[in-house]
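Accompanying notes for the structure given below.
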Amino acid sequence: MCKLTPKKYNEYKEDMEELYSLFEKHNSNSSFRVTCLGIYNSGKSSLLNALSESYDNSYFKVADIRETKEIKAIDIDGFCYVDTPGLNATESDDKTTYEAAKESDINLFVHNINTGDFNQPEREFLEPCALNWGDNERFLQSTIFVLSRQDEVDDEERQIQIVKEKIQEQIKSIFGATTQPYIISVSAKTYCRGKEKGSSQLIEKSNIPELQELILSMKEEIAKIRGQRIEKKHRTICEKIERRIQALQKERQKIIKEKETMQRKMDEHIRLINETLQTFNERNFADVYQMYNWIFRN
Ligand SMILES: Nc1nc2c(ncn2[C@@H]2O[C@H](COP(=O)(O)OP(=O)(O)OP(=O)(O)O)[C@@H](O)[C@H]2O)c(=O)[nH]1
Ligand SMILES: [Mg+2]
């Protein structure tokens, strides 16, 4: 009779847990999540090592093969740098990366400049990813498209400009947005070399300081978006829980009414049975049998 099935209960419990974690996130001064996304081998982990000043690549593992298979995060100076598995390697990796993107404050979409413009898997990833931000403009305001490994490009400046323009067009066609996307080319390798050698020329050439400044300047604007996103999600969950409570209350009223009706019927039956018993001695068996029939047919 009761409709609070285990499935319904679990859904309700999940809503409550999500709400609780949102409250926690909202109330704590958690760091800003800077999440690297992109095709495997594009240079995500190397970039995060550069940003987190891990010049020997000790924080985030780097390799020529598909290396990062799970999310790894490191907190430094109010930023939480998040590494994700590369896209288009396995289905479960892609799912993990989508989940990380949902929690991200700033996305660094890392693209290996040597491969030209965005390929199909990259385009296919970007479109649904933007939905987490509510609209494409917001996604673009929170995303930096990082063209990595620029030191490997011949005729550097010209090549970089060509790829940048192509990518700008692609972003425009994917998102149909008016916001100018943030696109920057970098070299994590040049940066780390510059740091090791103490060469300010190499450091500047790597464009990593420019990227760091861009991230810092975006932080304030994104803080507002982050608050709005959390509030929106919070409202949605609260409304869902309220609807569920209302449905449960209706169900409860229905059950109480059914119970009352049944109780009235039972009372009536008991009364009639008692009456029958009382008259049992006064009447013959045929009359009693008829009376029983009448009771249980009604
Ligand atoms: N020349 C050069 N090589 C780079 C640069 N950044 C990364 N690489 C190389 O590119 C390869 C892949 O780098 P990773 O940082 O592991 O790439 P990833 O995107 O994290 O790869 P997955 O974890 O497999 O998704 C490694 O061999 C790196 O040394 C760069 O700025 N310049
Ligand atoms: Mg990696």
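Using heavy atoms of the protein chains and a probe of 1.4 Å, the accessible area assigned to R158 is about 140 Å².
Which of V62, N119, S104 sits closest to the plus end of the dipole of region 31-206, meaning its Cα is farthest towards the positive end, when Lys and Arg get +1 and Asp and Glu get -1 on the C-beta? Of the listed residues, the answer is V62. Computed from Cα positions, the angle between helix 6-27 and the longest principal axis of the chain comes to roughly 40 degrees.
Between the residues V34, V163, Q249, the greatest Cα displacement towards the positive end of the dipole of the chain, with unit charges on the Cβ of Lys, Arg, Asp and Glu, is found for Q249. Legend: Rg and Dmax of the chain, from Cα coordinates, 32.4, 118 Å. When the solvent-accessible area of the chain is split by element, carbon and sulfur atoms take up 49 percent of it, the probe being 1.4 Å.
Among K61/K195; K102/K233; K102/K166, which pairs are too far apart, with a Cα-Cα distance over 21 Å?
K102/K166, as the Cα separations exceed 21 Å there.
Computed over protein heavy atoms with a 1.4 Å probe, the accessible surface of region 31-206 works out to 48 Å² per residue. Mean sequence separation of contacting Cα pairs (under 8 Å, at least six apart), scaled by the length of the chain, corresponds to a relative contact order of 17 percent. Taking the Cα centre of the chain as origin and assigning +1 to Lys and Arg Cβ atoms and -1 to Asp and Glu Cβ atoms, the resulting dipole is close to 1500 debye. Couplings 3J(HN,Hα) of region 145-152, computed from phi: 8, 9, 8, 8, 6, 5, 5, 8 Hz, in residue order, whole Hz [Karplus 6.51 cos²θ - 1.76 cosθ + 1.60, θ = phi - 60°; x for Gly and Pro]. In this structure L277 has an accessible area near 100 Å², from a 1.4 Å probe over the protein heavy atoms. Note on K44: accessible area approximately 10 square angstrom, rounded to 10, probe 1.4 Å, nucleic acids and ligands left out. Less than 5 angstrom separates the built amide H of S185 from those of L147, all sequence-distant by 5 or more or on a different chain.
Per residue of the chain, the DSSP helices (runs of n ≥ 4 H) give a summed -39500 (n - 2.57) that works out to -20500 deg cm²/dmol at 222 nm.
The values are calculated or read from the model by the stated rules, or taken from the named source; none is laboratory data. In this text the structure is predicted, and so the values were computed from the model without any measurement. Counting neighbours? That spans all protein chains shown, and the Cβs are built from the backbone with ideal geometry, glycine included. Keep in mind that these areas ignore ligands, DNA and RNA; they rest on the heavy atoms of the full protein, side chains included. Shrake-Rupley method; radii C 1.70, N 1.55, O 1.52, S 1.80 Å.
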